[in-house]
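What follows is a set of notes on a single structure, which appears directly below.
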Amino acid sequence: MNPFPIVLATLRGHRLTCGLFVLLVALAVALGVAVTAQERALRKGSARAADAFDLIVAAPGSQTDVLLAAVYLRPTAMELVPGDALARLYAEPRATLVAPLAFGDSVRGNVIVGTTAAFVDHLSGGLAEGRSFAAATEAVVGALAPIALGEQLKPIHGMHEAESDEDHADAGHEHEGEHDAHGAEDGHREDGHGVGEAHEAAAGAGSPPVAPPAAGDAAAEGHAHEDGDHDGEAAGVPADHHDGEAEDHDHDAHGAEVAEGHQHGLAFTVVGRMKPTGTPWDRAVVVPVEYVWAVHGLASGHAAGETRIGPPFAAERLPGVPAVVVSPDSVAAAYGLRNAYRDTRTTAFFPAEALGELYAILGDVARLLGLLTLATQSLVVAAIAVGVLTLLELYRRRFALLRALGASRAFVFVTVWSFVAGLVAVGAILGLGLGYGVAILVSAVLAGSTGIAMPAGIGASEFLLAGGIVAVGALLALIPAAISYRRPPVAALRQS
Amino acid sequence: MPTLSVENLRLAYDDGRGRRAVVLDLPGFTARPGEFVAVAGPSGSGKSTLLYLLAGLDQPGSGTVRWDDTDIAGLGEARRDAWRRRHVGFVFQDFHLVDELSAEENVLVPAYFERWSAAALRPRAQALLAQFGVPEARRRVALFSRGERQRVALARALLFDPPAILADEPTASLDAIAGAAVVTALAALARAAGKTVIAVSHDAALLAAADRVVRLDHGRIVEGAA
């Protein structure tokens, strides 16, 4: 038997109604596919973004906060890893890479991260153009950062740029107040900074690279930034950067400024662009960690007068940092270091641990959405089954006619079943494509806002979901098929 | 061509008050090959019921419906379906065509019940449509006149060249000219093609053209039993 000419004729006869059925199924399937595909893309993207961060050492506290700051560049108030702990890490024979991360500033809305050239290479596998920074006042930018090579920029203190750089530069302002607790080496909380707190106005003759002041000075001094009107004293720092008589300032007051953003006086030049990483670092401006320390008036990590950047650092002159990324030389070393740096002053964790917590929350939400989606899909398919029953009433005489012409009950059964199951199957296939499209769109939007590449794809779970709907539809199609099968043709023929 | 022979055919139903209402009660009825039999009678007299019983679409309470040696009342439903497909061509008052299909596709509908491809029967379908003067075989029947539609229905009834044609008020929806063409066609099928044609009708022209008129009243033959 060949029921398809009759099935197709029936579909043609009620194009609009059938189209509506298909659309409903497609939307229901698309909803489910988009949710599951997007959740998986989010997991993949976020996990991939953390790939380069083998082990993270931070001050005791929320691992999630540290993860968000270090990997996803969304720093919040964080305690600091003491300088001596950073020095200890650099002395670890089991670590192939130790990279301090320091935050606190931004430029044109792009987060400025202080780290080492080795970490830039580790993260992006080399540069797409230009070269890596070789001096404290040089920077490389992420692949997607809208900053050209050769540009000279001044950072905005804090993560939000309230005004243009030029406006700030013109205004030039100074911060005064009391520091409650100083001493970067001690590692203490500072809202929005992440890097030390005692900002010494240390300026002097010379040009970059910067040679920030001694650690002791940093602990004692206040914070002062201004453009062009400070006296400098430290070698290596531009004369127009820091005031030699900087005053202490209040942390709360400073916190308020963080929200608004204010400009630091020390400019840097962009000399290179990283390869795409598919992480928020693609929009970052990466500077030597010494630059961040200098901008915030901290010790340089090097001997006084030394102008080079990067390790080895002088242990006694290392300021604190919010996080340190460590690449162990083996799995055993990874667990060894993780245990060794879990004490009262530091904590060490694998990103997967913190991601696990995030995924647990995400998973709960996804499960809830999944249940809602399933309920929606079930309702849609049930509504379609009811609709089809109504439609079949209209076709009751047609099937009676087919029986009169010699069609068997089985033919009528297969025709009705094919009709209903076909609607659901076509809807499911369209929904699969539509859901994929929605997932790609949402991924693009999320990637745009977070910088995390989230490659949405259709996987087994989406096929399973669409297949499940088709299976449910095929089962539900048995109902109208059975009704038509059992219905005697004579009664319908008498309606003529 | 088969001879129809009905014996002691009886169909009754429960009227809901504990009594059996007799729909049809035929002690005997026959029709020969090449005979054009018209069945007439008032509404509710059992004309259509007789037609459905003769086609095996309905089952009698008792009696036999024998086409040659085959008592279709004794066949199972699936075998009756198969028998009907090959032995009976049906023509209805309202044509009962599939509006979304072309004339040719409508003629081929009975072929879909048997085989996956109706391609082998396509030439025959086209020939039948030409025989009945249907001008555009590929045109959707929804666009046809009523007369043309009934001629398509006639062509469909003849796809498997069945020995019997059963028609239920075949001219009731047609104007006089179209109705006359259908009557002529039915008469020709009986007399020229030797088929057994049984048509339920109120149409005087059809009754006049028939070889024999069987009149039913309250389920019983009151005139014309052979």
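Within the range B:66-104, the set of residues being over 15 Å from residue B:151 (Cβ atoms), part of a loop (DSSP other than H, G, I, E, B) and at the interface with chain A (Cβ under 7 Å from one of its Cβ atoms) comprises B:98, B:99, B:100, B:101. Just one of the numbered conditions (1) under 23 Å from residue B:188 (Cβ atoms); (2) open to solvent by 50 Å² or more (accessible area, probe 1.4 Å); (3) more than 9 Å from chain A (Cβ to nearest Cβ) is not true of residue B:133: (2). For the range B:105-129, the set of residues classified as in a helix (DSSP H, G or I) and more than 19 Å from residue B:165 (Cβ to Cβ) consists of B:105, B:112, B:119, B:120, B:122, B:123, B:126, listed by residue number.
Within the range A:22-42, can you find the residues that are under 26 Å from residue A:353 (Cα atoms) and in contact with a helix residue (DSSP H, G or I) (Cβ under 6 Å, 6 or more places away or on another chain)?
Taking the range A:22-42 and keeping what is under 26 Å from residue A:353 (Cα atoms), we get A:35-42.
Across the range A:22-42, the qualifying residues are A:35, A:36, A:37, A:38, A:39, A:41.
Taking the numbered list (1) at pLDDT 85 or above; (2) under 30 Å from residue A:50 (Cβ atoms); (3) surrounded by fewer than 17 Cβ atoms within 10 Å (Cβ to Cβ) in turn, residue A:350 passes all entries but (3). Residues in the range B:174-188 include at least one that is open to solvent by less than 30 Å² (accessible area, probe 1.4 Å), more than 23 Å from residue B:108 (Cα to Cα) and not in a helix (DSSP H, G or I).
Let's see how each residue does on (1) open to solvent by less than 20 Å² (accessible area, probe 1.4 Å); (2) closer than 30 Å to residue B:141 by Cα; (3) at pLDDT below 90:
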| site | (1), (2), (3) |
| --- | --- |
| B:17 | no, no, yes |
| B:32 | no, no, no |
| B:37 | yes, yes, no |
| B:51 | yes, yes, no |
| B:81 | yes, yes, yes |
| B:88 | yes, yes, no |
| B:95 | yes, yes, yes |
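The criterion of being modelled with pLDDT of 90 or more and open to solvent by 30 Å² or more (accessible area, probe 1.4 Å) holds for residue B:62. Among the residues of the range A:10-27, is any within 14 Å of chain B (Cβ to nearest Cβ) and crowded, with 23+ Cβ neighbours inside 10 Å? Yes, the range A:10-27 contains a residue that is within 14 Å of chain B (Cβ to nearest Cβ) and crowded, with 23+ Cβ neighbours inside 10 Å.
Contact map, the range B:36-64: residues that are more than 12 Å from chain A (Cβ to nearest Cβ) paired with residues that are open to solvent by 30 Å² or more (accessible area, probe 1.4 Å) and part of a loop (DSSP other than H, G, I, E, B), Cβ distance under 7 Å, separation 6+ or inter-chain. Pairs shown: B:36/B:211; B:37/B:211; B:40/B:202; B:45/B:218.
Return yes or no: is residue B:6 more than 14 Å from chain A (Cβ to nearest Cβ), of a type in the set (A, V, I, L, M, F, W, C) and either within 21 Å of residue B:206 (Cβ to Cβ) or crowded, with 21+ Cβ neighbours inside 10 Å (or both)? It would help to see each step written out before you state the result.
Working: more than 14 Å from chain A (Cβ to nearest Cβ): yes; of a type in the set (A, V, I, L, M, F, W, C): yes; either within 21 Å of residue B:206 (Cβ to Cβ) or crowded, with 21+ Cβ neighbours inside 10 Å (or both): yes.
Against the criterion (more than 14 Å from chain A (Cβ to nearest Cβ), of a type in the set (A, V, I, L, M, F, W, C) and either within 21 Å of residue B:206 (Cβ to Cβ) or crowded, with 21+ Cβ neighbours inside 10 Å (or both)), residue B:6 qualifies.
Taking residue A:68, is it assigned to a helix (DSSP H, G or I), of a type outside the set (Val, Ile, Thr), without any contact (Cβ under 8 Å) to a residue 40 or more places away in the chain and over 30 Å from residue A:393 (Cβ atoms)? Yes, satisfied.
Out of the residues in the range A:36-53 that are open to solvent by 30 Å² or more (accessible area, probe 1.4 Å) and assigned to a helix (DSSP H, G or I), state the one that is nearest to the other protein chains (Cβ to nearest Cβ). First the steps, then the outcome.
Quick first cut of the range A:36-53, residues open to solvent by 30 Å² or more (accessible area, probe 1.4 Å) only: A:36, A:39-40, A:42-44, A:47-48, A:51.
Restricting the remaining residues to those that are assigned to a helix (DSSP H, G or I) gives A:36, A:39-40, A:42-44, A:47-48.
Numbers: A:36: 38, A:39: 43, A:40: 42, A:42: 46, A:43: 47, A:44: 46, A:47: 51, A:48: 50 Å.
Filtering the range A:36-53 for residues that are open to solvent by 30 Å² or more (accessible area, probe 1.4 Å) and assigned to a helix (DSSP H, G or I), the one nearest to the other protein chains (Cβ to nearest Cβ) comes out as A:36.
The numbered conditions (1) farther than 30 Å from residue B:51 by Cα; (2) among the polar types (S, T, N, Q); (3) within 14 Å of another protein chain (Cβ to nearest Cβ) are all true for residue A:443 except (3).
Scanning the range B:189-213 for residues that are part of a loop (DSSP other than H, G, I, E, B) and more than 18 Å from residue B:149 (Cβ to Cβ) yields B:192, B:193, B:194, B:195, B:202, B:210, B:211.
Mind listing whichever residues of the range A:440-467 are of a type in the set (Val, Ile, Thr) and open to solvent by less than 20 Å² (accessible area, probe 1.4 Å)? I'd like the intermediate steps shown before the answer.
Narrowing the range A:440-467 to residues of a type in the set (Val, Ile, Thr): A:440, A:442, A:445, A:450, A:452, A:458.
Listed by number, the list holds a single entry, A:452.
For the range B:34-89, filtering for residues that are out of contact with any helix residue (DSSP H, G or I) (no Cβ under 6 Å at 6 or more places or on another chain) and β-branched (Val, Ile, Thr) leaves 3. Within the set of pairs 6 or more residues apart or between chains, which connect a residue that is within 14 Å of another protein chain (Cβ to nearest Cβ) and open to solvent by 60 Å² or more (accessible area, probe 1.4 Å) inside the range A:472-496 to a residue that is of a type outside the set (S, T, N, Q) and assigned to a loop (DSSP other than H, G, I, E, B) with Cβ atoms less than 8 Å apart? Once the first residue is within 14 Å of another protein chain (Cβ to nearest Cβ) and open to solvent by 60 Å² or more (accessible area, probe 1.4 Å) and sits in the range A:472-496, its partners that are of a type outside the set (S, T, N, Q) and assigned to a loop (DSSP other than H, G, I, E, B) give A:488/B:58. Of the residues in the range A:382-389, at least one is touching a Pro at 6+ places or on another chain (Cβ under 8 Å), under 23 Å from residue A:13 (Cβ atoms), open to solvent by less than 10 Å² (accessible area, probe 1.4 Å) and at pLDDT below 85.
I want to confirm something. Restricting to the range A:457-471 and keeping residues that are of a type in the set (Val, Ile, Thr) and part of a helix (DSSP H, G or I), which single residue is nearest to the other protein chains (Cβ to nearest Cβ)?
So in the range A:457-471, the residues of a type in the set (Val, Ile, Thr) come out as A:458, A:469-470.
Still in the list and also part of a helix (DSSP H, G or I): A:469-470.
Values: A:469: 27, A:470: 23 Å.
If we take residues in the range A:457-471 being of a type in the set (Val, Ile, Thr) and part of a helix (DSSP H, G or I), then A:470 is nearest to the other protein chains (Cβ to nearest Cβ).
Would you pick out the residues in the range A:70-107 that are surrounded by fewer than 24 Cβ atoms within 10 Å (Cβ to Cβ) and either of a type in the set (Ser, Thr, Tyr) or within 19 Å of the chain's Cα centre (by Cα) (or both)? Once the filter is applied, which keeps residues that are surrounded by fewer than 24 Cβ atoms within 10 Å (Cβ to Cβ) and either of a type in the set (Ser, Thr, Tyr) or within 19 Å of the chain's Cα centre (by Cα) (or both), the range A:70-107 yields A:72, A:74, A:76, A:77, A:90, A:96, A:106. Can you confirm whether residue B:144 is more than 18 Å from the chain's Cα centre (by Cα) and under 18 Å from residue B:90 (Cβ atoms)? In short, no. Scanning the range B:140-151 finds one or more residues that are of a type in the set (Ser, Thr, Tyr) and open to solvent by 50 Å² or more (accessible area, probe 1.4 Å). If the condition is being within 11 Å of chain B (Cβ to nearest Cβ), hydroxyl-bearing (Ser, Thr, Tyr) and open to solvent by 10 Å² or more (accessible area, probe 1.4 Å), then the range A:391-422 contributes A:395, A:408. For residue B:165, the criteria (1) within 17 Å of the chain's Cα centre (by Cα); (2) at the interface with chain A (Cβ under 10 Å from one of its Cβ atoms) hold in every case but one, which is (2). Selection of the range B:161-175 for residues being at negative phi and at pLDDT 90 or above yields B:162, B:163, B:164, B:165, B:166, B:167, B:168, B:170, B:171.
The values are calculated or read from the model by the stated rules, or taken from the named source; none is laboratory data. The shown structure was predicted, so the numbers you read here are calculated from the model rather than taken from an experiment. With ideal geometry, Cβ positions are generated from the backbone for all residues, glycine too; neighbour counts draw on all protein chains shown. Side chains included, ligands, DNA and RNA excluded: accessible areas come from the protein's heavy atoms. Shrake-Rupley method; radii C 1.70, N 1.55, O 1.52, S 1.80 Å.
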